[in-house]
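Scroll down for the structure; my scribbles are underneath it.
The values are calculated or read from the model by the stated rules, or taken from the named source; none is laboratory data. Computed from a predicted model, the values in this text were never measured in an experiment. All Cβ positions, glycine included, derive from the backbone under ideal geometry; neighbour counts span all protein chains shown. Surface areas here come from the heavy atoms of the whole protein model, side chains and all, with no ligands, DNA or RNA. Shrake-Rupley method; radii C 1.70, N 1.55, O 1.52, S 1.80 Å.
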Amino acid sequence: MRILIVTDAWPPQVNGVVRTLQTVGAKLRGFGHEVLYITPEGRRSWALPGYREIELARTNARTIGNEIIMLQPDAIHIATEGPLGWAARRACRRLKLPFTSSFHTRFAEYIGQRVPGSARLIWGLLRRFHRHSAAVMVPTPTIANLLEQRGFKNVKVWTRGVDHSVFHPQTRDSLNFPRPILLLAGRVVGDKNLEAFLDLAVPGTKVIIGDGPQRPQLEVKYPAARFLGYVKETELARHMSAADCFVFPSHTDTFGLVMIEAMACGTPVAAFKVPSPVDVIIEGRSGALHDDLAQAIAKALTLDRNIVHTEAQQFTWERTARMFEEWLQKIPASAYQNRPSVKVEQQA
């Protein structure tokens, strides 16, 4: 089957959406499928205000529709609600082609925190975006329930995975800091709620892996914390193995790949008792959940690392790719009949 994935999230962006789409694509190819992408790469784009590493493509439905006709995929998945996603959605509607979509980011909460009263409008836009999707893929049952309560239809759970050849228990000497070592990995931005972790009066060393626009001010505000910036995946796995606890303070992430990567390294996770962590963490086995993050950390530090590692084995990219494959909507061969191939508009 020829599968087309349309996404606004793509390298050089570094995030869970990019990693998921790339890894699932590779697994689908291993299953014998042909996987194609429409991405911002090679297109005119503009930087997202306040987060310049994210480039949003300038395009339209006609351009994307021409590309779809040229490629003639057997299934189309629209992964993001950015400019490419909206253009692909309009093109599919005009061409009467079925498509699936996915929900990765709780934009309504992010924007609502900054612009009071905007959440209702954003939820309305998101409902409209996904309204005609044959399957709206979400990472956890809790997020599925949240969307269904807000009027979304055809919601399907599509979990996430771990590369267990990279993330597994290793020697614990890569971080030479006073213990317990409390590790956080992810983008250093406001919506990750990092200060809820950095403000805690807990023993040990707080280590932050990742980068983002908030990093310079947080380094000044929290001089005792260790900010290591971006690291390669193999180095991240070593640091996760060395940590005593992985801390996930976000209230709004839809999954958090780093949680299951830490668990695969044998490191227990401490998080707030909120959507996504409640679906990922098994209380008292792979981590601890509490409204008081300090209490969650204290409990997580007592857990058996071998049990934590065992609980992570359920998360595999093969399973993730098979679920994605199951929810795709097949496009009938007749859908492309009498549609002349159109030369795609030149991308600057």
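A few notes on this one:
- Counted residue by residue at 0.36 nm each, then reduced by the alpha carbon distance between them, the extension gain from S174 to E283 reaches 36.5 nm.
- Rounded to the nearest 20, the size of the Cβ-charge dipole of the chain about its Cα centre is 1340 debye, with Lys and Arg at +1 and Asp and Glu at -1.
- Taking label points 7 Å from Cα along the Cα-to-Cβ direction, T234 and E325 give a separation of 2.9 nm.
- Within the chain, helix-based [θ] at 222 nm, where runs of 4 or more DSSP H residues each add -39,500 (n - 2.57), nearest 500: -10500 deg cm²/dmol
- The calculated FRET efficiency for the pair V166 and R29, based on their C-beta separation and a Förster distance of 22 Å, comes to about 0.70.
- Remark: the stretch 300-341 carries 60 Å² of accessible area per residue (probe radius 1.4 Å; ligands, DNA and RNA excluded).
- Theoretical FRET efficiency, 1/(1+(r/R0)^6), r = Cβ-Cβ of R150 and K273, R0 22 Å, to 0.05: 0.55
- Applying both filters, DSSP loop and at most 12 other Cβ atoms within 10 Å, to the trypsin sites (Lys or Arg not before Pro) of the stretch 210-271 gives K232.
- The Cα atoms of the stretch 1-93 give a gyration tensor whose axes a ≥ b ≥ c have a/c of 1.5 or more with a/b no greater than b/c, which makes the shape oblate.
- Nearest-ten-degree value, helix 317-327 long axis tilted from longest Cα axis of the chain: 30 degrees
- Within the chain, the longest segment free of exposed loop sites, counting GluC sites (Glu not before Pro) that fall outside DSSP classes H, G, I, E and B and have at most 15 other Cβ atoms within 10 Å, spans 42-344.
- Cα shape, the stretch 148-192, gyration tensor, a/c 1.5 rule: oblate
- Heavy-atom accessible area per residue - the stretch 146-238, 1.4 Å, Å²: 50 Å²
- A probe of 1.4 angstrom, applied to the heavy atoms of all protein chains, finds F31 with accessible area near 60 square angstrom.
- Heavy-atom accessible surface of the chain: percent carbon and sulfur, 1.4 Å: 51 percent
- You can think of it this way: the chain between Y37 and Q295 has 88.5 nm of extra reach, that is 0.36 nm per residue less the Cα-Cα gap.
- Taking amide H as placed 1.01 Å from N in the peptide plane, the amide H of V6 sits under 5 Å from that of I38, H77, I78, A79, each at least 5 places away or on another chain.
- Cut-off under 5 Å, modelled amide H: who pairs with F99 long-range: A134
- Degrees between helix 61-71 axis and first principal axis of the chain (Cα, 0 to 90, nearest 10): 80 degrees
- For T205, distant residues with modelled amide H under 5 Å away: I181, L182
- Using alpha-carbon coordinates, inclination of helix 83-95 to the longest axis of the chain, degrees: 30 degrees
- DSSP beta bridges fully contained in the chain are about 15 percent antiparallel.
- Charge-dipole axis of the chain as Lys and Arg at +1 and Asp and Glu at -1 on Cβ define it, positive-most pick from T254, L121, A87: A87
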